[in-house]
Amino acid sequence: VSIGVLFSQNPGIQRTVVERADVSVPGREAVIARVEIAPGANAGRHTHPGEEITYVMEGNGEILVDGQPPRKVKAGDGFVVPNGAKHDARNTGTGPMRLAITYLVEKGKPIATPAP
């Protein structure tokens, strides 16, 4: 399942891949994406085959990573989701939550996979 398929099943989130490129780590690639989560919506629990490095450009939300307390985030904040961690992002604000995300993931694998 590609990240597009995962998120296309959720009308509250829009994801646009901006750039994809090889990195110095063998077998990995960087995928840069712009993500927008509608007010009250969430991304849906999922995992990545590598790290997710996120900057919150606009809005307010909560990041839910299994094994960690919920983390409130706002514009100007950043966070890293560890390789393989089950997680979700929820918009808790009244306007769109806009994120700039870089995924450092295994090349050839889906960027995101739904998690139970």
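The values are calculated or read from the model by the stated rules, or taken from the named source; none is laboratory data. In this text the structure is predicted, and so the values were computed from the model without any measurement. Don't worry about glycine lacking a Cβ; one is built from the backbone with ideal geometry, like all the others, and counts go over all protein chains shown. Please note that ligands, DNA and RNA were not included when accessible areas were found on the heavy atoms of the full protein model with its side chains. Shrake-Rupley method; radii C 1.70, N 1.55, O 1.52, S 1.80 Å.
Quick notes on this structure:
- Test: residue in segment 16-35 that is at positive phi, open to solvent by 20 Å² or more (accessible area, probe 1.4 Å) and without any contact (Cβ under 8 Å) to a residue 60 or more places away in the chain: no
- Check on residue 71, modelled with pLDDT of 95 or more and surrounded by 17 or more Cβ atoms within 10 Å (Cβ to Cβ): no
- Of residues in segment 87-114 being under 18 Å from residue 61 (Cβ atoms) and assigned to a loop (DSSP other than H, G, I, E, B), the one most open to solvent (accessible area, probe 1.4 Å): 94
- Taken over segment 30-86, the criterion of being assigned to a loop (DSSP other than H, G, I, E, B), of a type in the set (A, V, I, L, M) and more than 17 Å from residue 13 (Cα to Cα) is satisfied by 75, 85.
- Matching residues in segment 25-50 - criterion: being under 12 Å from residue 106 (Cα atoms) and of a type outside the set (A, V, I, L, M): 26, 27, 28, 29, 48, 49, 50
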